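Just below is one structure, and these are the notes that go with it.
Bear in mind that the values in this text are calculations on the coordinates, not laboratory data. All figures in this text were calculated on a predicted structure; none of them were measured in a lab. Neighbour counts run over all protein chains shown; Cβ positions are idealised from the backbone, glycine included.
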Amino acid sequence: MLDGALEQVEDPKGLVLHSDQGRQYQMSAYRNRLTARGAEVSMSRSGNCLDNAVTESFFGVLKNEFFHGQRFGSVDTFIEGLKDYIHYYNHERIKVNLDGLSPVEYRTRTLSIT
């Protein structure tokens, strides 16, 4: 999954991967694959949820808006629904703290200013 994600990033320099302190994220092979591509690893410090607040917030929204109360007939149905939701979240769902823009619109505007 990590390799597939990194293949989609044109230039991973400056990319930050946020995770918790799970064993799989602490493995040197995993961390080395990231740093070899120029990505940075960001892990929550023990007992400090603020380090990972953005990621935790996203998964909370995902669970509330997409997952809770749903029944999926198959794994494929779930995956397709998840892909659709992530597209909606990134391209259509506006956020007040992003000046009423979607994440993609906000990032595009910000990149065009700099």
Stretch in the chain that is longest and holds no trypsin sites (Lys or Arg not before Pro) that DSSP places in a loop and that have at most 10 other beta carbons within 10 Å
72-114
With labels modelled as points extended 7 Å from the Cα through the Cβ direction, what inter-label distance (nm, one decimal) is found for S42 paired with K63?
2.1
The farthest towards the positive end of the charge dipole of the chain, of the residues A39, F67, Q24, given +1 on Cβ of Lys and Arg and -1 on Cβ of Asp and Glu, is Q24
Taking other Cβ within 10 Å of each residue's Cβ, how do S42, S74 sort, fewest first?
S74, S42
For Rg and Dmax of the Cα atoms in Å, pick the label among [x] 15.6, 50; [y] 14.8, 56; [z] 16.2, 46 that corresponds to the value derived from the coordinates.
[z]
Using a cut-off of 18 Å between alpha-carbon atoms, which lysines can reach K95, once sequence neighbours fewer than 8 places away in the same chain are excluded?
K63
